[in-house]
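Presented below is the structure to which this report refers.
Quick note: the coordinates plus some simple rules give every number you see, no bench work behind them. Note that the coordinates shown come from a computational prediction; the quantities given were computed from them, not determined experimentally. Reconstructed Cβ throughout: ideal geometry from the backbone, glycine too, with neighbour counts over all protein chains shown.
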Amino acid sequence: MEPEPQTTQTNLHILPQSSYIDSLRFLPPISAFSRHIAVASFNSDTSIPSLTLHSLTTTPTLTPITSFTPSSRITSLKTTQSLIAASTVTGSVHILFPNLINGTFESEVNVPDNVLHSGRVSGLDVLESGGECVSVGEDGRVNVISVGEDGRVDYRKVFDGKGLVSFTAVKWASQMEFVTGGFGNCVQWWDVRRAGGPVSQFKGNWAQGATSGIIHSIDIHPSRKHTCLAGGSYGTVFAWDLRRPQQPIVLSGIDNGETAACISESDVWEVHYDTFMSASDHAKLSSKGVLPAMICSEDGILAVLKQGEEPTELLAENCAINCFDIDPHNPSDVICGLEWESIALLTRA
Amino acid sequence: MPGLLTPSTDTSSSIIPYSSDSTTPTVYTLNHNLKPPTTPRLSISWSRGNSLRVTVFRSPATTDNEPGGKVVELNLSSEDVDSDIEMNDAARWRRIVYGSVSPFAHLQNKKNALAALDEFRRSVSHDGDWSKYVLQYSKEINSLLGSKKSSPTPLIEDPKTVLKVEEPSSLKAAWELLEIFYADKQSQPWIPEQLVDWLSDYDALFSGQVPSVHLKLVEFQAELINIQAVETEPAYWQAISSALAVGWLDIVVKLLRLHGSYQLNQLGTRETENGLVEAVAVLVSKMPRMRTDLPLGKLGECYNNKSDFMRAWEKWRAQITKLDCSAFWLQCSHNQTKENLKNLLQILLGNTSTVSSATCHWVELYIAHFLYIRPFTSGLESMYVLAQKCIQLKPISTPHKLMRLILGILEENTEVVLAECSRSFGPWMIAHATELLTAGSVEAEILLKEERDNLGGISIEESHRLVYAQVLSSHALTWQIAPIYLISCMKHGVGLLEILLYKQPAYHSQVLLKNIEICRMYDLDSVSSTAMKIAGVHHWKHGRKGTGVFWLQQARDEVRLNRIAQKLFDFVGKSISDESFEQWEGLIELLGSESKTVGGLEFLHKYRDFKKSLQQVQDGVFTDAARKAGEALILLMKNPSTPQRFWLPLLYDSLKLLNWRERPLLNVSQTNMLLNKLQELSVARLRPDFVEAGLPQEALSSVRVALATNLGRAILEE
């Protein structure tokens, strides 16, 4: 008998915290046994936001090492080999350089409120190679921030939507290109060399009025830079290929007529390509299809979506899963931020 | 001048305890430049949690430093209330709140399912299945309140550690009491033994208020390391007899084995003495217990059948009596050991006065009665009588809250139990405990579920749930849980849920999305569309036009969308610079063409196309583009949906088309049509309701001249 492919053996640990988890990310490992995560949280009793580095042991336990107080609540958090970038609700951007061996922040660069954006910075992404950081906001501005070796920052406005558009998510596609998402399930492709507006645009379903949604998260796989994965309202998850801009591939959600498995009817808060694959997955992988994607949703679901297959549910919690991250060096491990002030650590076998 | 409250001399008159020394109120100043006269205003509102906000607003004083108002935030913490002593850690408390959502929701679902399955049965409380669900619910909640985990036993056990010191929670203790009496129907024959276990877990809680066996043991343990020969210490024997009286047999045996006669060098000289100590220890460890099983490490022999137990009990008692009359006592030279061992035998034989002196408060005495004097007590009535007797023997002036709860339960007085739960353990406890109470008895169910006029037509159960939901609603992290409790309230639940949702700040995008999600779950479309409208208007007002229009469209708010379209018209009619063109072009794009009621939009779309082609004409000398622009102009002017007030601006914008150098772009009939329109406009201008387009004075004349020139050139060409 063929084994059931949809089941995934998982090991789950819930680690209660005492503040609301806004976002979390794995940090590059310093050794095989020592892992760290960056957690953006908000203590609603004291109204103090914080960005804390935790060491994650195999037991598993989370031990806070050092912490930084941003100017306001963190909306987006990204990590690379050398830095942690965070954006806030009041419009500031913080870039921190952690030293994991000493357990400290070596230096920090802050762009204060209302310089880059007026109001909420809704999305932020850093180039894996470091250096360039792109931020988008509800005010419709798109900025690129360059961080020099010496810690100096330089920023320039790529676009100003003057409030006519609002962006909600952003992700680099290459050194020069990035993708943004916004209201009405719109996705825009930008090239920093071409100012004035997006290179290509998918209008989404803005015109459909009440059934239109918001893109909450975008991911782009380094091996397929022409395709972006987007997730948003009403359980919508789709892949948009720059080469076929009018035909997005719907992985989940309400589609016009076509039946795509609907994993959730609530907001999909975060999407990432799932880099954890079994041998059979590798065999099935075609060069044309969309790579497996992991999503987390408002109704407490963490699942893996594969094109043309039933979704695999990894977690079904009683509260929303607001954010998650897959360990890039050990993709069987996933951390999730749960609405009820806790962090879930999931290990797939 | 805002300042501290004057503490009232009569403390009983204050509703919420407020201690002025614990928190200094935060004072914010309000600076404003409003010109006098302004009416001074005072506003009082609840801020987050227990904070009360008092705002004073007035005109700024003439002196420069005086601000125009102040906001004082007072934290009215209720730390004097018992429930908060244990739960001052807010995060730990919220963990219980979060954890209890799922068991509660499950139980409600089960209840609804059972009710739907059997509509004829009016009450579901006597269903076998139902009590199983209630027990499961109770166990789940119980596990949230703290685990009964014994800390991992060390590899080499310290013989001198007789008692593990843990910090039990009185909330858990109270919940377990309710579980024993109301939820666990299967174990009802073993209630006395369950109470023995309960006391061994929670006796420490009484220590703060009254002396207790637990406290005695803790004190003795502290002394133990300094004692050489324990058997000469009265404290040692007191500790053993007290532990025996409340049935902590493992501790008794452990303590007995610390007796000096067990030491190898003493064994030879104190053989008989050691034999007697060991005999008592064996008898204690063989005590028959009327229960199914014992937790690991606890002593006794279990009998789950009454007749077997009775036989074993008689046999055990006979053994004790036999030992008591044994001749070996005469050979025992150690007087203290002899007397105190005899005393232990008296406890085992149920000597009332010995038992009474070994115990500290009435609950301990009560437990001792179950163990040694009246092991067959059953039924709440006889248990209550026994409790009364114990209270008489060991009266307490101000009884502990758990004692009050026990009495209320034994008395079968649901109202007292409710009052105790509410008074000592707060709204969480009572909202969740009602499920256990209603499962306990029909009377309680009737009492709790009966609709009452003095509560505004709702039942006690519903009123407690509403109170708890209110508590949840007051915190930023728990308000989204409140709907689960509100929806289980038949009468006022939905109404209050709507109010709760309306009160959330919809302009905060995360809150708005949460709001919409909750509305989707409970089919509250009108509430969510109101929230979306509020958000739409908020974003629009703050310059985020795109987001504003998005939410208004989501809410299908045609009225406001029309207003926006109307604004666009006004805007378009006035000035058309290139920058503003970009603005309104974006807006036209946002509003879309789908909405039929936005009638004039069709015109705006055409107008945009026309403006676009006109811009292209400006950029270079494309005759084709110019011709197209000319055609677009004619189409627009011919179209009846083009408002009259746009005629002149349109013509004025296209002056350069009319004055095209190469050749006339419009033919004779087209030019005539435009001239006629101009004439019509001149007539219309005489009407009082005509709106001027805000163009330069010479606009009309220059258009007229251009048209006339064009007409002439067109005639020549034809």
*asked:* Can you give me the long-range amide H partners of B:E301? Hydrogens built in the peptide plane at 1.01 Å from N, cutoff under 5 Å, separation of 5 or more residues or another chain.
replied: B:M287, B:R289
*Peptide-level mean, for B:505-516, of C-beta atoms on other protein chains within 10 Å*: 3
_So if each residue of separation counts as 0.36 nm, and I subtract the Cα-Cα distance between B:N454 and B:T352, what length gain in nm does that give?_
31.9 nm
*What is the local net charge at A:R35, summed over the other residues whose Cβ is closer than 14 Å to its Cβ (Lys, Arg +1; Asp, Glu -1)?*
-2
*Stokes-Einstein translational diffusion, segment A:6-348 - Kirkwood Rh over all Cα pairs, 0.890 mPa s, 25 °C, in µm²/s*: 122 µm²/s
*Which FRET efficiency value, to the nearest 0.05, do you get for A:K203 and B:N31 by plugging their Cβ-Cβ distance into 1/(1 + (r/R0)^6) with R0 = 45 Å?*
0.45
_Need one number: nm distance between label points at B:M521 and B:R687, each 7 Å from Cα along Cα→Cβ, rounded to one decimal._
5.6 nm
*What's the extension gain from A:E149 to A:I101 if we count 0.36 nm per residue and subtract their Cα-Cα distance?*
15.3 nm
*Rank A:W269, B:S378, B:L296 by how far each Cα sits towards the positive end of the charge dipole of the protein assembly as shown (+1 on Lys, Arg Cβ; -1 on Asp, Glu Cβ) and give me just the farthest.*
A:W269
_Within 15 Å, Cβ to Cβ, of B:K342, how many net charges do the neighbouring residues add up to if Lys/Arg are +1 and Asp/Glu are -1?_
-2
*Computed E for B:L380/B:H508 - FRET, C-beta separation, R0 56 angstrom, nearest 0.05*: 0.60
*For B:A419 and B:K394, FRET efficiency with R0 = 22 Å and r from the beta-carbon atoms, rounded to 0.05?*
0.40
*Within the set of other residues whose C-beta is less than 13 Å from the C-beta of A:Q175, count the net charge using Lys and Arg as +1 and Asp and Glu as -1.*
-3
*Please report Rg over Rh for segment A:120-183, where both radii come from the alpha carbon positions and Rh follows the Kirkwood definition.*
0.98
*Straight distance only, please: which lysines reach the Cα of B:K606 with their own Cα at less than 20 Å, same-chain residues fewer than 8 apart left out?*
B:K567, B:K574, B:K596, B:K628, B:K638, B:K656, B:K677
*Zone of B:E412 (label point 7 Å along Cα→Cβ, backbone N under 18 Å): which residues in segment B:381-395?*
B:381-389
*Give me the distance in nm between label points sitting 7 Å out from Cα along the Cα-to-Cβ direction at B:Q136 and A:T46, one decimal.*
4.2 nm
*Does segment B:417-529 come out rounded, prolate or oblate, given a ≥ b ≥ c as the square roots of the eigenvalues of its C-alpha gyration tensor, rounded meaning a/c under 1.5 and, failing that, prolate meaning a/b above b/c?*
prolate
*Based on Cβ point charges of +1 for Lys and Arg and -1 for Asp and Glu, what charge dipole magnitude is obtained for the protein assembly as shown about its Cα centre, in debye rounded to the nearest 20?*
2180 debye
_17 Å reach of a label modelled at A:M176, 7 Å along Cα-to-Cβ, counting backbone N of segment A:185-201_ = A:189-200
*How far is it, in nm, from the label point at B:V559 to the one at B:V705 when both lie 7 Å from their Cα along the line to the Cβ?*
5.0 nm
*asked:* Let me see the P(r) profile for the protein assembly as shown: every Cα-Cα distance counted, bins of 20 Å, each bin given as a percent of all pairs.
replied: 10, 30, 30, 19, 7, 3, 1, 0
*Measure out, as a whole number of angstrom, how far apart the alpha-carbon centroids of segment A:225-254 and segment B:421-488 sit.*
46 Å
*asked:* Per-residue Cβ counts within 10 Å, from other chains only, averaged over A:39-46: what number is that?
replied: 3
